[in-house]
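Peer 1: Okay, handing you the structure first.
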Ligand SMILES: NC(=O)c1ccc[n+]([C@@H]2O[C@H](COP(=O)([O-])OP(=O)(O)OC[C@H]3O[C@@H](n4cnc5c(N)ncnc54)[C@H](O)[C@@H]3O)[C@@H](O)[C@H]2O)c1
């Protein structure tokens, strides 16, 4: 039980990496606040946690809004007593399939920055304040992307993930004297979550299989990345086994960025 006695918040817990991580955190003993803008999906994750004997709380939250993040952290602390782990996992894709830089409108840019960077900024800011108020610090994990490590496509999305990576490093350095760790996961293509469908690839089985074949072909290990691959790495990074690991951008990418 790597997370026994820990209290965690996972954002985007209604789908994909967030849902898989919430389930894994709970299986390792954490009590998990499952936050999502689509609260019905977060409630489904909580039901799965409870079916497996764990403890979860579903909270409706738009992570692009600072007040909703402060309310989310306050809810976790009120209900559970303290906060040990914040996983800032929400991210939204390039708005239209194949859009290159000059295809993005000002609204596209503002939405990507507001959701992908704003959520991590607000989450880190208010988690750090909470961690400094309590004894023993705390742990932040952010979801970045291989798109923030190499030029992979989706120029504005990639820039937002580069910003997530740099925020992670800065929080790691600023937080270290206070017992606060911060790391980022950098997944490569995950065709089985809702993300690619949201980005325009479609969610019918044939489109998903096509995306799976194409991501697998790009990864030296020959497989697409799954939400469960990310959840395994997430559990380790937020656990005390990673007590001396901070400021790391960990690719979960089947070797993609090593090529
Ligand atoms: N899927 C991929 O190929 C891929 C690759 C690299 C990185 N990522 C990153 O991984 C993370 C998780 O992606 P996923 O594939 O699990 O996505 P997903 O679309 O399956 O899940 C994202 C969840 O976030 C929620 N959400 C969206 N906007 C929100 C908001 N404003 N407030 C609160 N919740 C919100 C959605 O309702 C959904 O439940 C994201 O940060 C994404 O950028 C994904």
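Table: residues versus (1) assigned to a strand (DSSP E or B); (2) within 13 Å of the ligand (Cβ to nearest atom); (3) touching a strand residue (DSSP E or B) at 6+ places or on another chain (Cβ under 8 Å); (4) outside the structural domain of residue 167 (by TED's automatic domain parsing).
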| residue | (1), (2), (3), (4) |
| --- | --- |
| 2 | no, no, no, yes |
| 13 | no, yes, yes, no |
| 25 | no, no, yes, no |
| 50 | no, no, yes, no |
| 83 | no, no, yes, no |
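Peer 1: I'm told residue 35 meets every condition in (1) near the ligand (Cβ under 10 Å from one of its atoms); (2) in contact (Cβ under 8 Å) with a residue 60 or more places away in the chain; (3) crowded, with 23+ Cβ neighbours inside 10 Å; (4) outside any helix (DSSP H, G or I) except one. Can you identify the failing condition by its number?
Peer 2: (2) is the only condition that residue 35 fails.
Peer 1: Can you work out which of the residues in segment 125-151 that are touching a residue at least 12 places away in the same chain (Cβ under 8 Å) and assigned to a loop (DSSP other than H, G, I, E, B) is nearest to residue 76 (Cα to Cα)?
Peer 2: 134
Peer 1: For segment 71-81, which positions are more than 16 Å from the ligand (Cβ to nearest atom) and in contact (Cβ under 8 Å) with a residue 12 or more places away in the chain?
Peer 2: The answer is 77, 79, 80, 81.
Peer 1: Here is a further query. Residue 116: within 27 Å of residue 159 (Cα to Cα), touching a residue at least 24 places away in the same chain (Cβ under 8 Å) and in a helix (DSSP H, G or I), yes or no?
Peer 2: Numbers: within 27 Å of residue 159 (Cα to Cα): yes; touching a residue at least 24 places away in the same chain (Cβ under 8 Å): yes; in a helix (DSSP H, G or I): yes.
Judged against the criteria, residue 116 is a match.
Peer 1: Sort through 46, 92, 77, 17 and tell me the only one that's at pLDDT 95 or above and not in a helix (DSSP H, G or I). Steps first, answer last, please.
Peer 2: Working: 46 fails: not in a helix (DSSP H, G or I); 77 fails: not in a helix (DSSP H, G or I); 17 fails: not in a helix (DSSP H, G or I).
Testing whether each residue is at pLDDT 95 or above and not in a helix (DSSP H, G or I) leaves just 92.
Peer 1: Do we have any residue at all in segment 98-113 that's buried (at least 24 other Cβ atoms within 10 Å of the Cβ), at pLDDT 95 or above, within 16 Å of the ligand (Cβ to nearest atom) and within 26 Å of residue 226 (Cβ to Cβ)?
Peer 2: The answer is yes; a qualifying residue exists.
Peer 1: How many residues are modelled with pLDDT under 95 and either crowded, with 19+ Cβ neighbours inside 10 Å or within 23 Å of residue 25 (Cα to Cα) (or both) if we restrict to segment 201-259?
Peer 2: 2
Peer 1: Anything in segment 38-59 that is farther than 20 Å from residue 81 by Cβ and crowded, with 24+ Cβ neighbours inside 10 Å? List them, or say none.
Peer 2: 42, 45, listed by residue number.
Peer 1: Here's a follow-up. Just to be sure before I move on: is residue 160 near the ligand (Cβ under 8 Å from one of its atoms), outside any loop (DSSP other than H, G, I, E, B) and out of contact with any strand residue (DSSP E or B) (no Cβ under 6 Å at 6 or more places or on another chain) in the structure I sent?
Peer 2: no
Peer 1: Name the one entry in 175, 199 that is outside the structural domain of residue 113 (by TED's automatic domain parsing), in a helix (DSSP H, G or I), touching a helix residue (DSSP H, G or I) at 6+ places or on another chain (Cβ under 9 Å) and touching a residue at least 40 places away in the same chain (Cβ under 8 Å). It would help to see each step written out before you state the result.
Peer 2: Numbers: 175 fails: outside the structural domain of residue 113 (by TED's automatic domain parsing).
Going through 175, 199 in turn, the sole match is 199.
The values are calculated or read from the model by the stated rules, or taken from the named source; none is laboratory data. What you see is a predicted model, and the numbers here were worked out from it, not measured in a lab. Backbone-built Cβ (ideal geometry, glycine too); neighbour counts: all protein chains shown.
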